[in-house]
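The values are calculated or read from the model by the stated rules, or taken from the named source; none is laboratory data. Worth saying up front: this structure is predicted, and the values here are computed from it rather than measured. Quick reminder, even Gly has a Cβ in these numbers, built from the backbone with ideal geometry, and neighbours come from all protein chains shown. Heads up: the accessible areas ignore ligands, DNA and RNA and are worked out on the full protein's heavy atoms, side chains in. Shrake-Rupley method; radii C 1.70, N 1.55, O 1.52, S 1.80 Å.
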Amino acid sequence: MTITNGYSTLALVKAEMGLTNVDSDTRIEQAIEAASRQIDDYTGRRFWQDGSVVAREFYADDYSELISTATQVMDISTATGLIVKLDDGDTGAFATTLTIATHFLLTPPNAGDDGTPYTGIRLVDSLYSFPMSSSGRPGVQVTAKFGWASVPEPVAQACLVQSVLLYKATDAAMGGLSFGDGAFMRVRAGLNPIAQSLVERYTFARVG
């Protein structure tokens, strides 16, 4: 099989486990995909980039700034191909198109140089404001490549750790794995504690 939007590779996971044959390649690839999606679920975001621009709609709760939240993720990987439109008439038609650097800026301002996504759009032209819909319709449409331009190293390492755990989980007995030196590791339903600590910094604040 082919790994889709995985945060590690077959070669890296096999090397971590000291495997050289191809007998378990499919199982390992499945573990990598599953581990990658577990990381997505835990952090509330994804670390792969759209292959082409995608139009998504957002609700604004501020007249001058639209930012990512735990319930409305807006990780913009690049300004290339970006289009921002407003539904000023609250009709579902995004008729007003804004121009970057003239009407709005992406925030944080140095995200592209830092290898992180832009997570906000700040209006800088007083003639425009983000619509606050009374009909329940989203007022902003953003067309962009969403996600991260590249996978952060801690996320890649977390995926490696979690992939190994998931691969070995099928051999778990009594809820854990036994090792030759007598050590016993309990298999958790969620992320391995090491993997969790690696991706914690990328997680949106959780409520409750």
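Structural remarks
- Using the average count of surrounding beta-carbon atoms within 10 Å as a protection proxy, the listed peptides 65-78, 32-45 rank, highest first, as 32-45, 65-78.
- Whole-percent carbon and sulfur share, accessible surface of the chain, 1.4 Å: 53 percent
- Straight-line cross-link reach from K145 at under 26 Å between alpha-carbon atoms covers these lysines, not counting any fewer than eight positions away in the same chain: K85.
- Using alpha-carbon coordinates, inclination of helix 153-169 to the longest axis of the chain, degrees: 40 degrees
- Based on C-alpha pairs under 8 angstrom that are at least 6 apart in sequence, the chain has a relative contact order of 28 percent.
- Inverse mean reciprocal Cα-Cα distance (Kirkwood Rh) of the chain, Å: 19.3 Å
- The relative contact order of the range 1-97 comes to 19 percent, based on Cα pairs under 8 Å that sit 6 or more residues apart.
- Tensor-based shape of the range 44-88 (alpha-carbon gyration tensor, a/c under 1.5 rounded, otherwise prolate or oblate): oblate
- Under 26 Å from the Cα of K14 - lysines, other chains or at least 8 residues apart: K168
- Folded to 0 to 90 degrees: helix 25-43 orientation relative to the chain principal axis, Cα: 40 degrees
- Over the range 65-116, relative contact order from alpha-carbon pairs under 8 Å, at least 6 apart, %: 24 percent
- Solvent exposure of the range 1-52 as accessible area per residue, Å², 1.4 Å probe: 52 Å²
- The range 26-140 has equivalent-ellipsoid semi-axes of 30, 17, 12 Å, by the square roots of 5 times the alpha carbon gyration tensor eigenvalues, sorted largest first.
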